[in-house]
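Let me begin by presenting the structure, written as structure tokens, before commenting on it.
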Amino acid sequence: MKHKSDLKATLQRIDGRPYPAYKDIRGQYDYEFFTLSIDKVQGDPFASPSRLSVTLPHVESELPHQLFSNTSRRTGTENFLALSFAKACNQASSRSGSGKSGLIAIDIPGQEMLQRTCLEIGPDTTIARFSVGLPANGRRIRGRSAIELLIDQLPEIVEDALCYDQIDKDAIRSFADTAEDAATLRATLSENKLIGFVADGSILPRASGIDERPMREAVPFRSPPSLRKTFELPHAGKVSGMAIPEGVTLIVGGGYHGKSTLLSALERGVYNHRPQDGRELVVTRSDATKVRAEDGRSVAKVDLTPFIGQLPGGKDSSSFSTENASGSSSQAAAIIEALETGAKALLIDEDISATNLLIRDSRMQQLIAKDKEPITPFVQRVRSLHRDCGVSTVIVLGGSGDYFEPADHVIALDNYLPQDLTKEAKALCSEAFQQEALVPSLVATNPSQSKRFADPVSINPYISGRGRPGRSRVKTRDGRALTFGEDEIDLSLIPQIVDSSQARAIGAALLYAAENRLFAELSLPAALEQVLAFADKGRLSTIGKGDLAEIRLQELAAALNRLRSLEIL
């Protein structure tokens, strides 16, 4: 390992030379209280910034062990330190010169506290990974500016952002405590036969459709007495709020009264949230999955028979494939695919669902004979999903009362405040609801037991030809699309991808699975589970480079299921 004085000498030597001479600075440097690693050097000032990392021993940072004593506390602390590092970088960045010259930046966490590769706390060290735009005039090296950035400013950034004596101790402890409280609360859901919890006083509305910060002057959440439950948490103490039991729960109410806002909070409740987010104690079971219609997506041999029977022309729905799914078939496929990953809670919003999959009222049943309609609507399956498969459903409805009969609970939103109207809804069933004869149970064809196996050749990250190892190409665009080999996966309508770094993690995980031939012997969910288990054991940075963020099996599988080249054996 070289000393930082060697880095300074090299920068002085290459000052004014063509930009590629920056390659000479790659390597590790001793900065006395931390180590700098220059891992990747950009070849041009207009290219992607260089990648650097800092390794800081805990004996130097004096970071207390209690801040990372378990997984949730560690993740909360990591998110605080990443934000602290980002703030210090922002103050240091000059952005002068050509291209990205002077830029110094780290992957910035959002409202969700996710495990990230940009900052990892290990047993003995903290590692921060960040980007630097090495300074240039035109395409010539500005060595003196690089010295100022890497020799003078970087130690100040590390000290101010990562050393405990320079950190706001109450703030960092708040991140760790908040994460631990949420994780503790989520862990109690199953034993209490709940799928979700919304604490009293939570702020659910967001600032805007593109701003996930809490809305100012929003109505604080208040649970209805019949659904109120109290939990004792390690740091927040006794917390009361609305408990959502297992089974079938409807969220109803007039337009703009907060139905979808509540569901959105529940769908993001699979992740912990940072302090002051307003949803710190809104938690959902970790496998809860939102499913929606997605016209035009591809589907690869999914058994849709629980919802779609024999199709016109004799087409078999038990192994349904298409390059251009309709709304109903895409949402039915999304449900089966979610169950394949082990999801035990489904979240559905009427506004983004296929109406003909959700309901078919009595008049339409009378007009269109049963043998002419292959779709068994979800309303006729939702009870059996819970009774026979142990899968609960939370569904937002504003235009149909057909779900009142199968529902266990009906929650009405009035100006963002919930009321338990289960009794009132059930009273209407005997007068207004006509149920078609019950369809057969799902016990015999339990969709949650489905396990498909892929042709490994069809999951090809290489661009040199199908199945012939060459140069892999896996990259993301704004977190909404993933280029995987010769194909592009549309991620934009996978609801619980909340961060662009998650999209990069999905690409890295699929590449890891393909390169290690996990699909050759394992089913789709088993192969993906093995990747996530490996990442969990060795941290996320073990499965790929770059800025990655924590992903669930549900989103990873959803992305793979949208790979148009995917072929099922």
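The values are calculated or read from the model by the stated rules, or taken from the named source; none is laboratory data. Just so it is clear, the structure is predicted and the values come from calculations on it, not from any experiment. Neighbour counts run over all protein chains shown; Cβ positions are idealised from the backbone, glycine included.
Hey, among the residues in region 127-156 that are in contact with a helix residue (DSSP H, G or I) (Cβ under 6 Å, 6 or more places away or on another chain) and not aliphatic (A, V, I, L, M), which one's farthest from H65 (Cα to Cα)? Let's see the steps before the verdict.
Step one: list which residues in region 127-156 are in contact with a helix residue (DSSP H, G or I) (Cβ under 6 Å, 6 or more places away or on another chain), which gives 128, 134-136, 139, 141, 143, 146-147, 151, 153.
Filter once more, keeping what is not aliphatic (A, V, I, L, M): 135, 139, 143, 153.
Details: P135: 38, R139: 46, G143: 39, Q153: 28 Å.
Out of the qualifying residues, it is R139.
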Exercise. Any residue at all in region 462-471 that is surrounded by 18 or more Cβ atoms within 10 Å (Cβ to Cβ) and at pLDDT below 95?
Worked result: yes
For this session: State yes or no: is L528 surrounded by fewer than 22 Cβ atoms within 10 Å (Cβ to Cβ) and aliphatic (A, V, I, L, M)?
Result: no
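Quick one: which helices (runs of 4 or more DSSP H) sit completely within region 118-222 and have at least 1 residues that are of a type outside the set (S, T, Y) and under 21 Å from the mean Cα position of the chain (by Cα)?
Because the criterion is at least 1 residues that are of a type outside the set (S, T, Y) and under 21 Å from the mean Cα position of the chain (by Cα), the helices (runs of 4 or more DSSP H) in region 118-222 that meet it are 169-187.
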For this session: Being buried (at least 20 other Cβ atoms within 10 Å of the Cβ) and at pLDDT below 95 narrows it down to one of Q42, Q91, so name that one.
Result: Q42
Exercise. Is there any pair linking a residue in region 201-230 that is over 12 Å from V282 (Cβ atoms) to one that is aliphatic (A, V, I, L, M) and in a strand (DSSP E or B), with Cβ under 6 Å and at least six apart or on different chains, and which?
Worked result: R213/A207; M215/A207; R222/L417; L227/M242; L227/A243; K229/A243
Seminar exercise, completed: For region 392-427 the number of residues that are out of contact with any strand residue (DSSP E or B) (no Cβ under 8 Å at 6 or more places or on another chain), in a loop (DSSP other than H, G, I, E, B) and surrounded by fewer than 20 Cβ atoms within 10 Å (Cβ to Cβ) is 5
For this session: Determine whether region 491-514 contains at least one residue that is in contact (Cβ under 8 Å) with a residue 40 or more places away in the chain, surrounded by 15 or more Cβ atoms within 10 Å (Cβ to Cβ), of a type in the set (V, I, T) and not in a loop (DSSP other than H, G, I, E, B).
Result: yes
For this session: Identify the single condition in (1) in the same structural domain as I14 (by TED's automatic domain parsing); (2) surrounded by fewer than 23 Cβ atoms within 10 Å (Cβ to Cβ) that F80 does not satisfy, given that it satisfies every other one.
Result: (2)
Exercise. Looking at this structure, is R268 at negative phi, in a helix (DSSP H, G or I), modelled with pLDDT of 95 or more and basic (K, R)?
Worked result: yes
